[in-house]
Amino acid sequence: MTVSQSIADDRLGEYHVPAGTVIYVLANAINRLPMYWGPTADEFNPDRWDKLPSTYTTNAFMTFLQGPRGCVGRKFAETEMKVLLCCLLSMDNFEKDPSIEDPEQLKMWRLVLRPRIGLV
């Protein structure tokens, strides 16, 4: 999440936003908007990155924010995650645990997302 304050009257979709309004931008909510990602927006689907929906825009993926206040380390972090994922996948086999119905329930929301029960 990031917090901004409007400096002038503006419109946000159909809403009038007066100057001085505090605006909370929830990256996780934007990352799951069906208007950008389609009807399966809330499902875990790594294949979605192979063929992005026509409604996708660069602002649809807000994990690192956008614009002048976007994360300066975005490309480094993305590359680091890819390298780590390649290393993990080359060392072991991974499969879904069928006993867990909703993995989202295992998340613990803090400043940094962590597994609620730690790594097993």
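Laboratory data are not the source of any read-out in this text; all were calculated from the coordinates shown. Just so it is clear, the model here is predicted, and its values are computed rather than measured. Heads up, the Cβs are rebuilt from the backbone with ideal geometry, glycines too, and the neighbour counts pull from every protein chain shown.
Which of the listed residues, 103, 22, 44, is farthest toward the dipole's positive end in the chain, when Lys, Arg count +1 and Asp, Glu count -1 at the beta-carbon?
Result: 22, furthest along the dipole toward the positive end.
What dipole magnitude, in Debye to the nearest 20, does the chain give about its Cα centre under +1 on Lys/Arg Cβ and -1 on Asp/Glu Cβ?
About 440 debye.
Given the -39500 (n - 2.57) contribution per DSSP H run of 4+ residues, what per-residue ellipticity at 222 nm results for the chain, rounded to the nearest 500 deg cm²/dmol?
For the chain, the value works out to -6000 deg cm²/dmol.
For the chain, with a Gaussian network of springs between Cα atoms less than 10 Å apart, report the residue from 19, 41, 29 with the top mean-square fluctuation.
19
For the chain, modelled as a Gaussian network with Cα springs under 10 Å, which listed residue fluctuates most, 31, 45, 59?
Answer for the Gaussian network model of the chain: 45.
In 5 Å bins starting at 0, how do the alpha-carbon pair distances of the chain split up by percent?
Percent of pairs per bin, in order: 2, 8, 12, 18, 21, 17, 11, 5, 3, 2, 1.
Output the 0 to 90 degree angle, nearest 10, between the alpha-carbon long axis of helix 74-91 and the longest principal axis computed from the alpha carbons of the chain.
Taking Cα atoms only, the helix is inclined about 20 degrees.
Can you tally the lysine pairs in the chain where the Cα-Cα distance is under 22 Å and the two residues are eight or more apart, or on different chains?
5
Which one of 56, 15, 24 has the biggest mean-square fluctuation once the chain is modelled by GNM with Cα springs under 10 Å?
15
Can you tell me the FRET efficiency between residue 104 and residue 9 if r is taken as the Cβ-Cβ distance and R0 is 30 Å, rounded to the nearest 0.05?
Efficiency computed from Cβ-Cβ geometry: 0.20.
If I take every Cα pair under 8 Å that is 6 or more residues apart in the chain, average their sequence separation and divide by the length, what percent do I get for the relative contact order?
14 percent
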